[in-house]
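Step one of this worksheet: look at the structure below.
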Amino acid sequence: MPTGFAEMENAVRVLSTLALKGAMTSLAAAFKAQSGAAISADFAPTLNLLERLRRGETADVVILTQEGLTDLVAQGVVVPGTAVDLVRSWVGVAVKAGQSHPDISSEEAFRTVLLAARSVAYSRLGASGIYFARLIAKLGIADQVNARATIVPIGLTAERLITGEADLAIQQISELKQVKGTEIVGPVPLGLQTPAVFSAGRLGIASRVREADLLLRFLASPQAVPAIQESGLESIARSQ
């Protein structure tokens, strides 16, 4: 079901990655004031959204990883001329508010922190979780970390800091920032990651074509940049 947005007749139906939830929440009122259309959005990991689309779920706009959107364009599911790269996102580390911030400034320091953690929370389906699983395998510590890990099927990993299930949370920084009562330690060392790019496009089955195109232009406009940056993302909007 849509999360945090109105379900109404004059609304653009959006299926979006969780990474954009903070920015979309902040921008919804400004978009409605400018266009007259509300946003009805649902947020989930890219793999979950792709599966729902395969099962026949409908929407006007979809926001996914760049790779996911490119595949939908190739399949004819997303209208090619509407595709736009919106943001760049880094994977980060969070702790519960008030806890000491571990040193993650280098590969060796980060490796040491992961091995010392009581439990690390990361996602099963999200882009950050897939990346992290590959990273700990590359670092040679997958067995040790996973033996104590809190693997989140879907949702925000930092919530596990609040419940006490984990003492470190790994996810896109924009997703970590959505959980109150937590603090961002910083990004995973930049030498260990390539930023994810999230892209948007209009679905060929869209019922609100005009409003969908207005939303895509709005998200790629300078007006959206402050909210995007405040949410923990980097705006890189450019037409494909």
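Values computed for the structure shown
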item: Per-region count, region 125-140, residues surrounded by 14 or more Cβ atoms within 10 Å (Cβ to Cβ), without any contact (Cβ under 8 Å) to a residue 60 or more places away in the chain and part of a loop (DSSP other than H, G, I, E, B); result: 1
item: Failed item, numbered, when R217 is tested on (1) in contact (Cβ under 8 Å) with a residue 12 or more places away in the chain; (2) over 29 Å from I136 (Cβ atoms); result: (1)
item: Top-ranked residue of region 41-52 - restricted to ones that are farther than 24 Å from P226 by Cα and without any contact (Cβ under 8 Å) to a residue 60 or more places away in the chain, ranked as most open to solvent (accessible area, probe 1.4 Å); result: E51
item: Some residue of region 148-169 being under 19 Å from A19 (Cα atoms), open to solvent by less than 10 Å² (accessible area, probe 1.4 Å), in contact (Cβ under 8 Å) with a residue 12 or more places away in the chain and among the hydroxyl-bearing types (S, T, Y); result: yes
item: Top-ranked residue in region 104-115 [being open to solvent by less than 90 Å² (accessible area, probe 1.4 Å) and not in a helix (DSSP H, G or I); ranked as farthest from N146 (Cα to Cα)]; result: S106
item: Residue ID - farthest from L168 (Cα to Cα), chosen from residues in region 62-88 that are without any contact (Cβ under 8 Å) to a residue 40 or more places away in the chain and of a type in the set (D, E, K, R); result: D71
item: Only listed residue being open to solvent by 10 Å² or more (accessible area, probe 1.4 Å) and touching a residue at least 12 places away in the same chain (Cβ under 8 Å), chosen from V209, V225; result: V209
item: Failed condition for V91, given (1) without any contact (Cβ under 8 Å) to a residue 12 or more places away in the chain; (2) under 26 Å from L27 (Cα atoms); result: (1)
item: Within region 180-192, considering residues that are in a loop (DSSP other than H, G, I, E, B) and either free of Cβ contacts under 8 Å to residues at least 24 places away in the same chain or under 22 Å from I136 (Cβ atoms) (or both), the one least open to solvent (accessible area, probe 1.4 Å); result: V188
item: Residue selected from region 80-103 under the condition open to solvent by 60 Å² or more (accessible area, probe 1.4 Å) and in contact with a helix residue (DSSP H, G or I) (Cβ under 9 Å, 6 or more places away or on another chain), by the criterion modelled with the lowest pLDDT; result: P80
item: Residue that is in contact (Cβ under 8 Å) with a residue 12 or more places away in the chain, more than 14 Å from the chain's Cα centre (by Cα) and surrounded by fewer than 21 Cβ atoms within 10 Å (Cβ to Cβ), where the choices are A59, A33, A38; result: A38
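The values are calculated or read from the model by the stated rules, or taken from the named source; none is laboratory data. Only a predicted model underlies this, so the values are computations on that prediction, with no experimental measurement involved. With ideal geometry, Cβ positions are generated from the backbone for all residues, glycine too; neighbour counts draw on all protein chains shown. With ligands, DNA and RNA removed, areas are computed over all heavy atoms of the protein, side chains included. Shrake-Rupley method; radii C 1.70, N 1.55, O 1.52, S 1.80 Å.
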